[in-house]
1. Scanning for something assigned by the TED database to the domain that holds Gly95, touching a Ser or Thr at 6+ places or on another chain (Cβ under 7 Å) and closer than 18 Å to Pro76 by Cβ, does region 191-212 turn up at least one residue?
2. In region 41-57, what residues are at pLDDT 85 or above and over 25 Å from Leu98 (Cβ atoms)?
3. I'm told Lys113 meets every condition in (1) on the phi > 0 side of the Ramachandran plot; (2) open to solvent by 80 Å² or more (accessible area, probe 1.4 Å) except one. Can you identify the failing condition by its number?
4. Find the strands (runs of 3 or more DSSP E) located wholly in region 124-212 whose residues include 2 or more that are among the hydrophobic types (A, V, I, L, M, F, W, C) and open to solvent by less than 80 Å² (accessible area, probe 1.4 Å), and list them.
5. Take Lys86 and decide whether it is touching a strand residue (DSSP E or B) at 6+ places or on another chain (Cβ under 7 Å) and either of a type in the set (Phe, Trp, Tyr) or open to solvent by 100 Å² or more (accessible area, probe 1.4 Å) (or both).
Amino acid sequence: MWCLKTVTQVLKNSIASANVNYNCIAGLKYFPPPIKYENIEKVERPKLRIMERMPQHPPNLRPPKMQKRLRYMRGPELVHNQLLHKQYAIVATGGGRLRWGHYEMMRLTIGRKMNVNTMFATWRVPAPWQPITKKGQGQRMGGGKGAIDHYVTPIKAGRVIVEIAGRCEFIECRGFLQQVANQLPFQATVVSQQMLDEQRATEERQARQNENPFTFKYVVQNNLNGCHRWLSPVDHKWFGKHL
């Protein structure tokens with residue numbers, strides 16, 4: 001076996017024969033200052049609480065039935081579209097319905113993956129409350145409305161589903177939040193407060209710098225080329241942003 005001195009001499013000879021010039025340069029590295037979590041308060045129960053499978057009614061009241069009411073899932077969310085803790089969350093990008101099984105999936109996955117010493121999670125959606133009826137297999141048409149099969153929570157685009165906050169960075173919780181978002185029955189994404197601010201600033205800048213006056217909203221409102229004949233009522237309301 002070669003000794004260390006022999007190996008070092010061989011390397012020096014090979015570098016000298018190849019006429020390789022090398023210089024030792026010492027530079028300064030910049031590391032951003034650590035984040036200060038001064039306004040974060042530790043909560044008593046950091047994990048998500050268990051949601052009820054169905055709403056509780058008085059014993060003398062028959063559980064009421066309801067129509068489909070698809071308008072509860074259509075269009076943008078106008079109320080619960082902001083982050084309360086200004087950190088990280090799962091936001092729906094499309095409409096849909098959450099069943100009780102989806103709540104359990106989110107609760108168990110986030111509870112296993114999150115660090116309860118530095119993070120805490122909060123629900124931003126209520127427990128399932130809208131009844132969905134279903135008739136038994138093989139029944140004929142008619143006979144009235146079917147029995148209640150399960151309960152759901154309708155979700156609109158832009159609704160905040162779950163929030164994660166605490167003494168943590170985005171890279172720590174992005175992985176398991178994206179895993180949860182991929183299993184939801186509608187399209188959802190993982191965002192931070194910085195991403196939401198940049199997205200809204202970009203939309204405002206594009207609208208301000210737009211030089212084309214013939215936007216979709218202008219075309220619909222002025223009935224250019226007779227577009228009112230074939231446009232849907234949804235286009236008149238949200239101008240092509242939501243189907």
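1. Within region 191-212, none of the residues are assigned by the TED database to the domain that holds Gly95, touching a Ser or Thr at 6+ places or on another chain (Cβ under 7 Å) and closer than 18 Å to Pro76 by Cβ.
2. Glu44
3. Lys113 satisfies every listed condition except (1).
4. The strands (runs of 3 or more DSSP E) meeting that bar are 147-155, 160-166, 188-192.
5. Values: touching a strand residue (DSSP E or B) at 6+ places or on another chain (Cβ under 7 Å): no; either of a type in the set (Phe, Trp, Tyr) or open to solvent by 100 Å² or more (accessible area, probe 1.4 Å) (or both): yes.
Taking the combined requirement at face value, the residue does not satisfy it.
A quick yes/no check of all residues on (1) without any contact (Cβ under 8 Å) to a residue 40 or more places away in the chain; (2) not polar (S, T, N, Q):
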{"site": "Val152", "(1), (2)": "no, yes"}
{"site": "Gln193", "(1), (2)": "no, no"}
{"site": "Glu198", "(1), (2)": "yes, yes"}
{"site": "Thr215", "(1), (2)": "yes, no"}
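The values are calculated or read from the model by the stated rules, or taken from the named source; none is laboratory data. Quick caveat: nothing in here was measured; it's all calculated off a predicted structure. All Cβ positions, glycine included, derive from the backbone under ideal geometry; neighbour counts span all protein chains shown. These area figures cover heavy atoms from the full protein model, side chains too; ligands, DNA and RNA do not enter into them. Shrake-Rupley method; radii C 1.70, N 1.55, O 1.52, S 1.80 Å.
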